[in-house]
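Here the structure comes first, spelled out in structure tokens, and everything after it is commentary.
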Amino acid sequence: MPELVLHLLLYLDPTSISRLMQTSRCLKDISTPALYYHVKIDFESTKPKHNIFTSTESILELARNQQEEEEEEEEEEEREEGLLPTIRIFYCAPYKDCPYRLPKFCDPKATLTYICWIMDCNPHLQDVGLYKVLVSDQRDIRLLTTSIFGLKHLQRGVLELNYRDWEESAQSFRWAPIFFGCCPPSVQCFQLELLHSDMYWNWPFDRRQAEPIWQKSDQDCGLLPITTMATNLPLRGQEPLTNLTKLMFLDLIEEIVPEEEFRSMLGQCPNLKHLTMPTVEPIRNPRDLAREIARLCPRLTFINTTHGVGGIGIWETMVWLLEMLPKQLVQGFDCGGDVSFEISGLSQNTDVRSLFWRHSTTLQTIHLGGCRNFDSKAIQAILIGCGGVESLTVHWSIHWSATRDPHQQLCLYLEDAIEVPWACARGLQVLMLTVAIPDQPLRHLTQGQDLFYERPSPLTLSEEETRQFELLEALYRQIGAMSELRTLDLRAIYYDPQGNRGSSADYLLNSFPALLHLNDAAHTETGRPGYLHHLGGLTKLEELMGSMTLTKETT
């Protein structure tokens, strides 16, 4: 009885299913779908040639995904390593390459139904990736969430939805129901993206039809009743997701999550460790929200946003999380973008430095951008106090006005950079850093005087120039001591300490004096300083970027 077998398969582990499939061809045909663990469905690819349900090639490909059990010990080892059977399906436009396409790949409503049918036929799926799925209304959302929630063994889910900008879509895309509807209790990692692109909706659908395809009934799309029987089921309730440790909201630039919905989602994720923030607006009090997040998710170790996504309110919340979470817990912190902002109530000295020192032994990855509270002293605090940091990127935007006071931007002043040896120097692998250097005497002199690299040999340096080069050499030694460094993006900006001139903030037009010049025997004759030898310890360096132009000033 096939019905009885299908029911029993829901309660069998992979080893038992594999053994059952070896007993007869009939049981093999019935049981095969229950053995797949990973399905990836994407809109984009090229040159479609095969129908997944009729192509011999697709059947052979699916057969190769079947987990064979020659030895039970090897099978158990593969499961532990995550080497699980995979289904790779693409639904795409006719002009794109597609190894296996769905029968009605040009019909978004039918396509979504087939996707859900495939998931329903493979109840043991552990890894599901759905990319650029076109959804238009509540029917699509309910059908999709019902199928995903029915995957009782799901561990990782990636859901990228592309929606139409019309009234019914606005009512369908409420965050909490989609989140809870797509997260069964077994899920460990969930990623949600919402896209709004007319490109996928306006083509390749048949434009000759008077009625838009997405407005057609299921029967008009050629869908059988059995494929749409779950359409009217209600969305799932808010069950605690005790296994969920990684939650990511990506590419939500146009989408805003209400604060209460955001709180309700996190309230069901008590063991969350990695959180990629969405845009949450309005936020009544970022510090209070941070306190609530720390209470709901006390194990958070990685806090970040997609670049450019989040907004000032959520960025402020992230900064306050460093204060609210337990000490020595946070391992990764990625906050901010190109937008410049300042957090009120947070001083630019003691408070900011203490935020990072609270997690000085655990922090491994730090990305800072936009927040003016992260001044030179705060960056110095990371370098000298967080010895375990392996990646530090402090983003300086060339879009910021050159007339702004560098003290209000994310840069490290030369005197702060060399004041104390960097504790993280030995383990740092990635470094993006902007160094603010006084423009006198190496970049700006009074009228009628030549800069050091424009004078004839032998060169005689003034006391001020000699002092400036001593400070720069100390910086170059700090950089050269980072023996594990693989990526170095070192940027230079120049400013007037008296504030009479605008700063030279475009690091692409600047360079580090004498950094790329060798201090060899010729130095005695020319008098030109050179410090390239200080970088000799960077034996693992793979990328060198920033203010590294070959000019008379540097070589």
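Every number in this text was worked out from the coordinates using simple rules, so none of it is lab data. Computed from a predicted structure; not experimentally measured. A quick note on method: Cβ atoms are made from the backbone with ideal geometry, for glycine too, and the neighbour counts reach across all protein chains shown.
Applied to segment 243-248, the Karplus parametrisation 6.51 cos²θ - 1.76 cosθ + 1.60 on θ = phi - 60° returns per-residue 3J(HN,Hα) values of 8, 6, 10, 9, 10, 10 Hz, with x for Gly and Pro. Each of Gln22 and Thr526 was given a label point 7 Å from its Cα along the Cα-to-Cβ line. The distance between the two points is 7.5 nm. Across segment 347-386, the relative contact order, built from alpha-carbon pairs under 8 Å that are at least six residues apart, equals 63 percent. Residues of segment 325-363 falling in the label zone of Thr393, defined by backbone nitrogen less than 14 Å from a point 7 Å along Cα to beta-carbon, are 333-338.
The length gained by stretching the chain between Asp351 and Glu484 to full extension, at 0.36 nm per residue less their Cα-Cα distance, is 44.8 nm. 3J(HN,Hα) along segment 133-145, derived from phi through the Karplus expression 6.51 cos²θ - 1.76 cosθ + 1.60 where θ = phi - 60°, amounts to 6, 8, 10, 10, 7, 5, 4, 5, 5, 5, 5, 5, 5 Hz, with x in place of Gly and Pro. Amide H contacts for Leu195 (H built 1.01 Å from N in the peptide plane; partners 5 or more residues away or on another chain; cut-off under 5 Å): Leu161, Asn162, Tyr163.
Considering only alpha-carbon pairs that sit under 8 angstrom and 6 or more positions apart, the relative contact order computed for segment 446-527 is 33 percent.
Stretching Glu281 away from Glu415 to a fully extended chain increases their span by 44.3 nm, per 0.36 nm per residue minus the current alpha-carbon distance. Close amide H partners of Phe341, meaning residues 5 or more places away or on another chain with modelled amide H under 5 Å apart, are Cys371, Arg372.
Return the FRET efficiency for the residue pair Asp288, Ser186: r is the Cβ-Cβ distance, R0 is 41 Å, and the value is rounded to the nearest 0.05. Computed FRET efficiency for Asp288 and Ser186: 0.80.
Amide H to amide H distances under 5 Å link Ile437 with Ile493, Tyr494, Tyr495, where only residues 5 or more positions off or on other chains count and H is placed in the peptide plane. On the basis of the beta-carbon distance and an R0 of 22 Å, Glu454 and Arg501 show a calculated FRET efficiency of 0.65.
State whether segment 441-547 is rounded, prolate or oblate according to the following rule on the C-alpha gyration tensor (a ≥ b ≥ c being the square roots of its eigenvalues): a/c under 1.5 gives rounded; otherwise a/b larger than b/c gives prolate, and the remaining case gives oblate. It comes out oblate by the Cα gyration axes. Modelled label positions at Val5 and Arg372, each set 7 Å beyond Cα in the direction of Cβ, lie 7.1 nm from each other. Computed from label points 7 Å out along Cα-Cβ, the spacing between Ser344 and Lys152 is 5.3 nm. Couplings 3J(HN,Hα) of segment 476-487, computed from phi: 5, 5, 4, 5, x, 7, 8, 5, 8, 5, 10, 10 Hz, in residue order, whole Hz [Karplus 6.51 cos²θ - 1.76 cosθ + 1.60, θ = phi - 60°; x for Gly and Pro].
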